[in-house]
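Have a look at the structure below before the remarks.
The values are calculated or read from the model by the stated rules, or taken from the named source; none is laboratory data. The structure presented is a predicted model; accordingly, all values stated were derived computationally and were not measured. Neighbour counts are summed over all protein chains in view; Cβ atoms, including those assigned to glycine, are modelled from backbone coordinates with ideal geometry.
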Amino acid sequence: MKIFLDTANLESIKKYNDMGLVDGITTNPTLLSREKENPAQIMREIVRIVKGPVSLEVVGTTYDSMMEEAHRLKKYGKNVVVKIPMLPDGMRAVKKLKEEGIETNVTLVFSANQAVIAAKAGASYVSPFIGRLDDAGQDGMTLVREIVQIFSNYKFTTNVLVASVRHPMHVIEAGKIGAHVVTLPPDILGKMMAHPLTDKGLASFLADWEKVKKENPNLSF
Ligand code: G3P
């Protein structure tokens, strides 16, 4: 399972990238709006720091505007994946960008039918938003299961990128289903690393070692 960070926060990206935990990044206009720096500078910097795929989203909603933005965003770097909303004009853009050798991530996917359409158009990734479905009283993970099964039945090469992840259990469930990628807000990656028994165990190891040092003042190793 690949782990992407769902953020435009450079500090978090550097922190987890230095631990070797970041396979890629997804951003969106909302995530960029939360940062102080200029969005163009942020995008340029993310693409420079992270070696894996970096999804940068278009804000146009017509074919021409999406294509024009896609070409501009792609200039940020080879690893840019253009994020396109699930719209009819978006699918036309996905098809054309694929012909041009440009990877795409179809975003705002809320049904298996939309995922099939995006895959048929030629998307490299589809992003089901599972947390938002859960919020609306639908089971987001059921959608992931359906998409993974359909793609597997027909050997579609489009990656299932689980987005709008809200807690570590979402990650475990997505992994059990076999989703290719999960994109996580940085705090969820932090939560995945932590366990109270790890903290308790470490505190007890260190306390016991202090006793050993007291009993053997000249101890060295
Ligand atoms: O990658 C999409 C994601 O950012 C949406 O998450 O938490 O706004 O539903 P959320």
Next item on the list: Could you please tell me which pairs satisfy a Cβ distance under 6 Å, a separation of 6+ or placement on different chains, a first residue in segment 170-188 that is under 23 Å from Lys15 (Cβ atoms) and at pLDDT 95 or above, and a second residue that is within 11 Å of the ligand (Cβ to nearest atom) and among the charged types (D, E, K, R)?
Entry: Thr183/Asp6; Leu184/Asp6; Pro185/Asp6
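Filtering segment 25-43 down to residues that are surrounded by 15 or more Cβ atoms within 10 Å (Cβ to Cβ) and more than 12 Å from the ligand (Cβ to nearest atom), which residue is farthest from Lys74 (Cα to Cα)? Spell out the reasoning first.
To start, the set of residues in segment 25-43 that are surrounded by 15 or more Cβ atoms within 10 Å (Cβ to Cβ) comprises 25-28, 31-32, 35, 39, 42-43.
After this cut, where a residue has to be more than 12 Å from the ligand (Cβ to nearest atom) as well, the list is 35, 39, 42-43.
Working: Glu35: 21, Pro39: 15, Ile42: 14, Met43: 11 Å.
That would be Glu35.
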Next item on the list: Report, ordered by the first and then the second residue, all pairs with beta carbons closer than 9 Å, sequence separation of six or more or different chains, a first member in segment 63-80 that is touching a residue at least 12 places away in the same chain (Cβ under 8 Å), and a second member that is acidic (Asp, Glu) and in a helix (DSSP H, G or I).
Entry: Tyr63/Asp89; Met66/Asp89
Next item on the list: Only residues that are within 11 Å of the ligand (Cβ to nearest atom), of a type in the set (D, E, K, R) and under 20 Å from Pro29 (Cβ atoms): list them for segment 99-154, please.
Entry: Arg132, Asp135
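Suppose we filter segment 211-221 for residues that are surrounded by 10 or more Cβ atoms within 10 Å (Cβ to Cβ) and not in a loop (DSSP other than H, G, I, E, B); how many remain? So that I can check it myself, show each step before the final result.
Filtering segment 211-221 for residues surrounded by 10 or more Cβ atoms within 10 Å (Cβ to Cβ) gives 213, 219.
Going one step further and asking which of them are not in a loop (DSSP other than H, G, I, E, B), we end up with 213.
The total comes to 1.
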Item checked: Selection count, segment 175-194, where residues are away from the ligand (no atom under 13 Å from the Cβ) and not basic (Lys, Arg) -> 10
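For segment 25-68, name all the residues that are acidic (Asp, Glu) and in contact with a strand residue (DSSP E or B) (Cβ under 8 Å, 6 or more places away or on another chain). I'd like the intermediate steps shown before the answer.
If we filter segment 25-68 for residues that are acidic (Asp, Glu), which is where we start, we get 35, 37, 45, 57, 64, 68.
The answer is Glu57, and nothing else.
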